[in-house]
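Participant: Dropping a structure here in structure tokens format, bear with me for questions.
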């Protein structure tokens, strides 16, 4: 089996271009997720079993299947908007 490979910008660098179908532009569905902003550096184990590190002020996101992952503060604030207000501390 010939593997297809893309670079970090999504450009095809290995494989046959005819094996890739152009799908146009898409955007994520507006599915609400749980979000926590963390005040200290943290580590989260992802669904794939990998440890990801978050920095002070980064966000911990809980996806639609209960999976946890961290998101850089700047990327989160550019990519997400609040669905309903709910500021409370974890107990």
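Quick grid of which residues meet (1) exposed (fewer than 10 other Cβ atoms within 10 Å of the Cβ); (2) over 13 Å from the mean Cα position of the chain (by Cα); (3) at pLDDT 90 or above:
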position: 37; (1), (2), (3): no, yes, yes
position: 43; (1), (2), (3): yes, yes, yes
position: 46; (1), (2), (3): no, no, no
position: 49; (1), (2), (3): yes, yes, no
position: 61; (1), (2), (3): no, no, yes
position: 74; (1), (2), (3): no, no, yes
position: 81; (1), (2), (3): yes, yes, no
position: 84; (1), (2), (3): yes, yes, no
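Participant: Say whether the condition of being in contact with a strand residue (DSSP E or B) (Cβ under 7 Å, 6 or more places away or on another chain) and closer than 18 Å to residue 81 by Cβ is met by at least one residue in segment 2-18.
Facilitator: The answer is no, given that none of the residues of segment 2-18 is in contact with a strand residue (DSSP E or B) (Cβ under 7 Å, 6 or more places away or on another chain) and closer than 18 Å to residue 81 by Cβ.
Participant: Would it be correct to say that residue 27 is exposed (fewer than 11 other Cβ atoms within 10 Å of the Cβ) and more than 15 Å from the chain's Cα centre (by Cα)?
Facilitator: no
Participant: What pairs can you find where one residue is in segment 62-88 and farther than 10 Å from residue 35 by Cα, the other is at pLDDT 95 or above and part of a helix (DSSP H, G or I), and their Cβ atoms are less than 7 Å apart, with a gap of 6+ or different chains?
Facilitator: Every condition considered, no pair remains.
Participant: Which of (1) surrounded by 10 or more Cβ atoms within 10 Å (Cβ to Cβ); (2) part of a loop (DSSP other than H, G, I, E, B); (3) in contact (Cβ under 8 Å) with a residue 40 or more places away in the chain does residue 32 not meet, given it meets every other one?
Facilitator: Failing condition for residue 32: (1).
The values are calculated or read from the model by the stated rules, or taken from the named source; none is laboratory data. Computed from a predicted model, the values in this text were never measured in an experiment. In this analysis, Cβ positions are derived from the backbone assuming ideal geometry, glycine residues included, and neighbour counts consider all displayed protein chains.
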